[in-house]
């Protein structure tokens, strides 16, 4: 299915929920809608589904205007955070229901295959009410996958699951989506989820579509500070600086301009540094900043060290578990080659030329 949005906007009373946007989704591929809460992701998906009508613009499917066509007349599968299952059916029958409607053979084998991927095969004979919220969410997701609809809309479908299971399912879903025939739209607030799913990503912020393109390209070349902020977790560090010839001058520190890219006019700029590109050890980088530890936050397999420095508060992502005392003196090292440079209008002027980390951190 080729889904196109042309001039779509949504107003509710005096509030603008979606500013005018155009978006042509890649056929039989994944498009991630990435943005914080209230960015407009759910509003956009409801318009795609036919649950809501846009205030202006057209929704086209394979070139045909379907803007006014209700959801019941569209062949789509949806999973929202508020999952819905058939309460009187077993888990197996919930998953099998769309397969029976299609008259598919070997229904039991297909049900078992999907259930195994989502780690719910041991619950097939139970009723949804006997499961936890996270298990019920996976049943709803399994039923959507079984439907194999031309368009699949998934609104933060893993949000109710624990960290480890989310990590596992992200990768497995990415494989399933790449092997399927559905055009998939997947909404998330998490940059790491977008990177794991791949495909294309549309970055939304407060109802505006900021950038759309191949996920890894948007991550490597965010076209503005707003995109860089949305596509970084922990948030990208931003430093106020001045461009002066081939140098960036930051309060008491000079750094060379990262190589490549267009000329950077002299004047005020903003330097962006991902947390993973700041190190507490000297690895031969050309820049260093002294600071004091404000907080050391252990998360999964990394430690986020928050430091107060003369150029502002910075966050460094350190691999493994790293213990630090509050107020401890540290030195943060980084390479100017890893710096993003944004102009006075917050648009991207230069981005790192070398490979970036495969992760949002």
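The values are calculated or read from the model by the stated rules, or taken from the named source; none is laboratory data. Only a predicted model underlies this, so the values are computations on that prediction, with no experimental measurement involved. Every residue, glycine as well, gets a Cβ built from its backbone with ideal geometry; the counts of neighbours run over all protein chains shown.
Structure notes:
- Residues located in region 73-93, provided they are under 22 Å from residue 6 (Cα atoms) and more than 26 Å from the chain's Cα centre (by Cα): 73, 74
- Filter result for residue 288 (within 11 Å of residue 332 (Cα to Cα) and either at pLDDT below 90 or in a loop (DSSP other than H, G, I, E, B) (or both)): yes
- Considering region 118-157, and only residues there that are part of a helix (DSSP H, G or I) and touching a strand residue (DSSP E or B) at 6+ places or on another chain (Cβ under 6 Å), the residue that is farthest from residue 193 (Cα to Cα) turns out to be 147.
- Restricted to region 239-261, and to residues there that are touching a helix residue (DSSP H, G or I) at 6+ places or on another chain (Cβ under 8 Å) and either without any contact (Cβ under 8 Å) to a residue 60 or more places away in the chain or assigned to a loop (DSSP other than H, G, I, E, B) (or both), the residue that is surrounded by the fewest Cβ atoms within 10 Å (Cβ to Cβ) is 259.
- Cβ separations smaller than 6 Å between residues 6+ apart or across chains give the following pairs from region 150-172 residues that are assigned by TED's automatic domain parsing to the domain that holds residue 194 to residues that are modelled with pLDDT of 80 or more and surrounded by fewer than 16 Cβ atoms within 10 Å (Cβ to Cβ): 150/75; 160/133.
- When 264, 321 are screened for being outside the structural domain of residue 167 (by TED's automatic domain parsing), buried (at least 18 other Cβ atoms within 10 Å of the Cβ) and part of a loop (DSSP other than H, G, I, E, B), only 264 passes.
This table checks each residue for (1) at pLDDT 90 or above; (2) surrounded by fewer than 16 Cβ atoms within 10 Å (Cβ to Cβ); (3) under 23 Å from the mean Cα position of the chain (by Cα).
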position	(1), (2), (3)
106	no, yes, no
109	yes, yes, no
118	no, no, yes
123	yes, no, no
126	yes, yes, no
130	yes, yes, no
143	yes, no, no
152	yes, no, yes
155	yes, no, yes
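- Residue match in region 7-19 (condition: within 20 Å of residue 186 (Cβ to Cβ), at pLDDT 95 or above and under 19 Å from the mean Cα position of the chain (by Cα)): yes
- The one condition in (1) modelled with pLDDT under 90; (2) surrounded by 13 or more Cβ atoms within 10 Å (Cβ to Cβ) that residue 92 fails to fulfil: (1)
- Residue match in region 102-117 (condition: touching a strand residue (DSSP E or B) at 6+ places or on another chain (Cβ under 7 Å) and closer than 23 Å to residue 129 by Cα): no
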